[in-house]
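**Student:** Here it is: the structure, laid out below.
The values are calculated or read from the model by the stated rules, or taken from the named source; none is laboratory data. All of these numbers come straight from a predicted model, not from anything done at the bench. Because the Cβ atoms are built from the backbone with ideal geometry, glycine has one as well, and the counts that use them run over all protein chains shown.
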Amino acid sequence: MKTLIALLGLTVMLSAADAGALYQKCAACHGAKAEKAALGKSEVIAGWSSDKTFDALKGYKAGTRNTKGMGALMKGQTAALSDADMKALADYIAKLK
């Protein structure tokens, strides 16, 4: 049981460490500090809570979110992300200043 808990903790830490690297793909459109409207169309995500960002990413991945016509593009961007990746990204974005 201790081994399982340690492995889960390590997985979360690795995901968090990778969030900055994952965000580099996002930064191309959203800006280094999430301050831009992607392609001049999306909502600016700077200042969003982790929960709001996570829910948006989950919706885009599921194909149920299409805010400002960005659904198809964002579905492709989120396709390979795991829930842990999306949570780590959401936490990272929420902390950007």
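**Student:** Select from the stretch 68-97 the residues that are of a type in the set (D, E) and either in contact with an Asp or Glu (Cβ under 6 Å, 6 or more places away or on another chain) or surrounded by fewer than 15 Cβ atoms within 10 Å (Cβ to Cβ) (or both) and list them in ascending order.
**Tutor:** Within the stretch 68-97, just D83 meets the criteria.
**Student:** Same structure again: Is there any pair linking a residue in the stretch 44-58 that is over 18 Å from L73 (Cβ atoms) to one that is of a type in the set (S, T, Y), with Cβ under 9 Å and at least six apart or on different chains, and which?
**Tutor:** S50/Y92
**Student:** Within the stretch 50-97, count every residue that is modelled with pLDDT of 95 or more, in a loop (DSSP other than H, G, I, E, B) and either of a type in the set (D, E, K, R) or in contact with a Cys (Cβ under 9 Å, 6 or more places away or on another chain) (or both).
**Tutor:** Number of matching residues: 1.
**Student:** Of a type in the set (G, A, S), surrounded by fewer than 17 Cβ atoms within 10 Å (Cβ to Cβ) and in contact (Cβ under 8 Å) with a residue 40 or more places away in the chain - does that describe any residue in the stretch 23-30?
**Tutor:** Scanning the stretch 23-30, I find no residue that is of a type in the set (G, A, S), surrounded by fewer than 17 Cβ atoms within 10 Å (Cβ to Cβ) and in contact (Cβ under 8 Å) with a residue 40 or more places away in the chain, so the answer is no.
**Student:** Follow-up. Which of the residues that make up the stretch 71-85 are more than 19 Å from K33 (Cβ to Cβ) and out of contact with any Phe, Trp or Tyr (no Cβ under 6 Å at 6 or more places or on another chain)?
**Tutor:** Answer for the stretch 71-85, where residues must be more than 19 Å from K33 (Cβ to Cβ) and out of contact with any Phe, Trp or Tyr (no Cβ under 6 Å at 6 or more places or on another chain): G71, A72, L73, G76, A79, A80, L81, S82, D83, A84, D85.
**Student:** For the stretch 36-60, which residues satisfy the criterion of being surrounded by 13 or more Cβ atoms within 10 Å (Cβ to Cβ) and either more than 13 Å from the chain's Cα centre (by Cα) or among the aromatic types (F, W, Y) (or both)?
**Tutor:** K36, A37, A38, S42, E43, V44, W48, F54, Y60
**Student:** Just one of (1) buried (at least 17 other Cβ atoms within 10 Å of the Cβ); (2) touching a residue at least 12 places away in the same chain (Cβ under 8 Å); (3) more than 20 Å from L96 (Cα to Cα) trips up R65, so point out which.
**Tutor:** The one condition R65 does not meet is (2).
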